[in-house]
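Working notes, structure below.
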């Protein structure tokens, strides 16, 4: 039996060699993706997963895992199995041809102009 | 205000002992997420107890640490239901369900109490209790419907818990005084509200409330008569505090 400084653990009379067989895959509850909303009108932001036996239980756990502290008004849970995703083998679809920097905000060098304008305003 | 004090002592003692008992699951819960959720609720209960001890302190009693950690078990006024060992998860979930519905109804009744400090606490902790009840209902229904074994275990836990749960509503000496002063409507009214709330959920879960002919409330806790389970709990809970009662934490 495990002897612990924690009296609860000693009382639980846990065998040193845990007799429970290793968990098989089906012993695990399935996962739900959790989306958290800080205030009404904001986007729900993906924050992580929980294991749960059904959607209600996933909500219960999501609240404690991801909304216990700070401000929250709403959470969504979605079965991970229901998420349709792209394949990592196809990651090359996200690669951008270097000549197309004009399509990115970083491609515009406007900070110099802005700073120059601010400076001019400050002088006035 | 002896009547109000009696009410607040039994409420705070229920919540402290229940919170401490439930906290014994910390680290031993069935899965990580549930371990965190159940531990967090246990902590909430202790926080609710503290808020009520604080009211008692303002009414002239010792401070909340002394009330919680420095009284003999015979001074506690909790019902015997909350001091019982956790048993397995079936019993802990059934107790959580039965107790927390009573807790929610009690605080709902007190939210409009003429005794403003307790009404204020009731309004403040409403959301936390709502979550506790949501948690309890979800587990009760899920475990009762998972398979034959789980259903049988939940039914036998309910049978075992029932007469203890009825002991929550043991009447005190001041029921009519509390009613006439508008402080609290009383244990009988509370029990009626509780029955209305739990009956449809127990039915939805597919369980049966034990036959009324077998009802036999386990009383005595409100007068300081306890099972053998309370004393070790109280001693263990106050052990660190008593090493140095004046220590600043």
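Brief remarks follow.
- Here segment B:196-249 is treated as a sphere whose radius is the Kirkwood value from Cα pairs; by Stokes-Einstein at 10 °C and 1.306 mPa s it diffuses with a coefficient of 102 µm²/s.
- Contour minus Cα-Cα distance for residue A:81 and residue A:15 (0.36 nm per residue): 20.1 nm
- Inter-chain Cβ neighbour average for residues A:49-60, partner chain, 10 Å: 5
- Crossing angle, helix B:126-145 versus chain B [Cα axis fit, 0-90 degrees, rounded to tens]: 30 degrees
- Gain upon complete extension [residue B:74, residue B:130; 0.36 nm per residue less C-alpha separation]: 17.0 nm
- Convex hull (Cα only) mean projected area of segment B:151-205, reported in nm² to one decimal: 4.3 nm²
- Cα-based values for the protein assembly as shown, radius of gyration first and Dmax second, are 26.4, 92 Å.
- Whole-angstrom gap from segment B:142-218 to segment B:47-66, using each part's C-alpha centre: 28 Å
- Here the calculated FRET efficiency for residue B:35 and residue A:123, from their Cβ-Cβ distance with R0 = 56 Å, stands at 0.35, rounded to the nearest 0.05.
- Cα shape, segment B:1-130, gyration tensor, a/c 1.5 rule: prolate
- For a label point 7 Å along the Cα-to-beta-carbon line of residue A:105, residues of segment A:34-62 with backbone N under 17 Å: A:43
- Angle between chain B longest axis and helix B:230-243 axis [Cα atoms, degrees, rounded to 10]: 50 degrees
- Over the protein assembly as shown: helical MRE at 222 nm, DSSP H runs n ≥ 4 each giving -39500 (n - 2.57), nearest 500: -17000 deg cm²/dmol
- The mean number of Cβ atoms from other chains found within 10 Å of a Cβ in peptide B:20-27 is 2, as a whole number.
- Cα gyration tensor shape for segment B:25-94, rounded if a/c is under 1.5, else prolate or oblate: prolate
- At 1.306 mPa s and 10 °C, Stokes D of segment B:45-189 from Kirkwood alpha-carbon radius, µm² per second: 94 µm²/s
- Folded to 0 to 90 degrees: helix B:32-58 orientation relative to chain B principal axis, Cα: 30 degrees
- The order of A:14, B:46, going from fewest to most other C-beta atoms within 10 Å of their C-beta, is A:14, B:46.
- Restricting the calculation to Cα atoms, segment A:1-98 shows an Rg/Rh of 1.17 when the hydrodynamic-style radius is the Kirkwood one.
- Other protein chain Cβ atoms within 10 Å, averaged over every residue that makes up B:125-138: 2
- Beyond 16 Å, the tail of the calculated P(r) for segment A:48-94 holds 51 percent of the Cα pairs.
- Bins of 10 Å, starting at 0 and running to the largest distance - Cα pair percent for segment B:2-243: 7, 33, 38, 18, 3, 0
Read the figures in this text as sums done on the coordinates, not as results from a lab. Because the structure is a prediction, the values reported are computed rather than measured. Ideal geometry is used to build each Cβ from the backbone, glycine not excepted, and the neighbour counts take in all protein chains shown.
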